[in-house]
Structures are given as structure tokens and as C-alpha cells.
Amino acid sequence: MDLADWSARTRPAQAPMEGRYVQLEPLEQGHADTLYQAASADGAEDRFRWLFETPPRDRAEFDAWIRTASASTDPLFFAVIDKATGRAEGRQALMRIDQAHGVIEIGNIMWGPALQRTRAATEALYLFADHVFALGYRRFEWKCNDLNTPSKRAAIRFGFRPEGVFRQHMVVKGTSRDTAWFAMTEGDWLRLRPCYEAWLSPANFDTCGRQRRRLEECLT
């Protein structure tokens, strides 16, 4: 691969990304009401188990977090808006933004109950990947605690390839974390993108919203 003409990539913009089912919006205080409800809904301990922070104890604590997160440029946080309801049902971030080498990671994912295991969550991932590669980045990463089996399964489902485990990589919430690494490249995305679009098509879902064909089947 000849990269003699390679140059640093442009930073992702703090601008909305619109899909069919969700819109990603730069995180702001206006998202706090519904995002707090999603963050503190039943099952919060499980949703936050592998994140760097704990579930918000109250609205004041959450408001303090959202002020800090919305001011950050790396991680660059976005709210996941359900277009059917207009509610912020989750959040995710572009992080470890390496313009010089064209690498970005998705992380800090908190998808509330209304997003989990839905086409909306898949589209939220798709919008990030499509934006990253449209900007000319070469590599899109997914990392998680090696003990986080659901996250590793999700990475494989979304088309990321496993690349190994970094042992004793971090100290998180007072414990040692081994980090599992996954990634897709711009070459992978050329193959994956039409598969995502076919899976996300309304024709792939019945009148009750059940998928006719699984994403994994589309990607293989």
C-alpha cells in the first residue's frame, strides 16, 4: 500500500448525523431529561458495569457529568435520539482520535433499554462507522474489558475483527482490566457498508419490527 501522499485526516465535526431510525446529536444539556431516564432506568448497574463511571445517583450528579462530557472534544460525545419519539435514549463517543494515522475508536457506549438489541442501536453504530470512513480514516476500533462477553459478541456481530488482548492494560474502578481489541479497516467497510444498508432497510423487518434476516447473515 503506497501512502506516500498520506496526510492527516480532518477531525469529526460536532454536527448531527441522521439515519432512518436515529439521529446522533452532539451531546448537550438539552438531552439531560430523557438521557437521565435512560441512564437510570431498571438495569442501570448492568449497563454501567463495564463503563468508567457508575450509574448516576441523582439528577444533580448526572447534570454535572453531562456538563463535563459535552465540553469534551476527545471523547467526542453524541446523544442517540430515537427519531420516532425524539428522546435521547443513549450516548456514544468517538475517542482516541488519531488524525495523523487515521484511527478512531468508538467507546463510552451507553444504550438505554429502548435501544438495546434494536435496529436503532445498529444504525447508531453504522452512522459512526460511515462518518469515520467518509472522512478518510483507515481504521475504526472497538475495545472492551476482556471479561465483557456481551460487548465482544456485539463487536463480532457488527463486523469488527478480533485482534487480541492487552493484558493488564488499565486500572478501572479499582480492578485490573485486560482489554480485548477489535477493529475494521476502510477495506473492510467497502464490503460491510452495503450489508448494513441491506439489513437496515425497512424491507428487512416485518410489521412487528422483527428482522427477517440477521445482520450476521448479511455480513458473511
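The values are calculated or read from the model by the stated rules, or taken from the named source; none is laboratory data. Remember, predicted model here, so these are calculated numbers, not experimental data. Every residue, glycine among them, receives a Cβ derived from its backbone with ideal geometry; neighbour counts consider all protein chains shown. To get the accessible areas, we keep the full protein, side chains included, count just its heavy atoms, and leave off ligands, DNA and RNA. Shrake-Rupley method; radii C 1.70, N 1.55, O 1.52, S 1.80 Å.
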Would you confirm whether or not region 126-144 contains a residue that is free of Cβ contacts under 8 Å to residues at least 40 places away in the same chain and farther than 18 Å from Leu24 by Cβ?
yes
Taking region 194-220 and keeping only residues that are touching a residue at least 60 places away in the same chain (Cβ under 8 Å) and outside any helix (DSSP H, G or I), one is left with Phe205, Gly209, Gln211
Residue set Ala60, Ala4; condition over 16 Å from Trp111 (Cα atoms), modelled with pLDDT under 95 and of a type in the set (A, V, I, L, M, F, W, C); output residue Ala4
If we ask which residues in region 124-151 are in a helix (DSSP H, G or I), of a type in the set (Gly, Ala, Ser) and surrounded by 13 or more Cβ atoms within 10 Å (Cβ to Cβ), their number turns out to be 3
Output yes when any residue across region 201-210 is over 24 Å from Leu24 (Cβ atoms), polar (S, T, N, Q) and open to solvent by 30 Å² or more (accessible area, probe 1.4 Å), and no when none is.
yes
If we take region 1-106, then helices (runs of 4 or more DSSP H) inside it with 2 or more residues that are among the hydroxyl-bearing types (Ser, Thr, Tyr) and free of Cβ contacts under 8 Å to residues at least 40 places away in the same chain are 32-40
Here the residues within region 157-184 that are open to solvent by 50 Å² or more (accessible area, probe 1.4 Å), at negative phi and in a strand (DSSP E or B) are Arg161, Pro162, Glu163, Val165, Phe166, Arg167, His169, Val171, Thr175, Ser176, Asp178
- Tell me, please, whether a residue that is under 19 Å from Asp98 (Cα atoms) and not β-branched (Val, Ile, Thr) can be found in region 196-214. no
| Selection status of Asp63, open to solvent by 20 Å² or more (accessible area, probe 1.4 Å) and more than 18 Å from the chain's Cα centre (by Cα) | yes
Scanning region 67-82 residue by residue, those touching an Asp or Glu at 6+ places or on another chain (Cβ under 8 Å) and within 18 Å of Leu115 (Cβ to Cβ) turn out to be Phe78, Ala79, Val80, Ile81, Asp82
Scanning region 108-123 for residues that are within 23 Å of Thr179 (Cα to Cα), open to solvent by less than 10 Å² (accessible area, probe 1.4 Å) and either part of a loop (DSSP other than H, G, I, E, B) or of a type outside the set (A, V, I, L, M, F, W, C) (or both) gives Thr122
**Prompt:** Is one or more of the residues making up region 111-124 touching a residue at least 12 places away in the same chain (Cβ under 8 Å) and under 25 Å from Ala100 (Cβ atoms)?
**Reply:** no
Note: among Ala93, Ala8, just one is of a type in the set (Gly, Ala, Ser), within 29 Å of Arg139 (Cα to Cα) and open to solvent by 20 Å² or more (accessible area, probe 1.4 Å), namely Ala8
Ala154 fails exactly one of (1) open to solvent by 20 Å² or more (accessible area, probe 1.4 Å); (2) in contact with an Asp or Glu (Cβ under 7 Å, 6 or more places away or on another chain), namely (2)
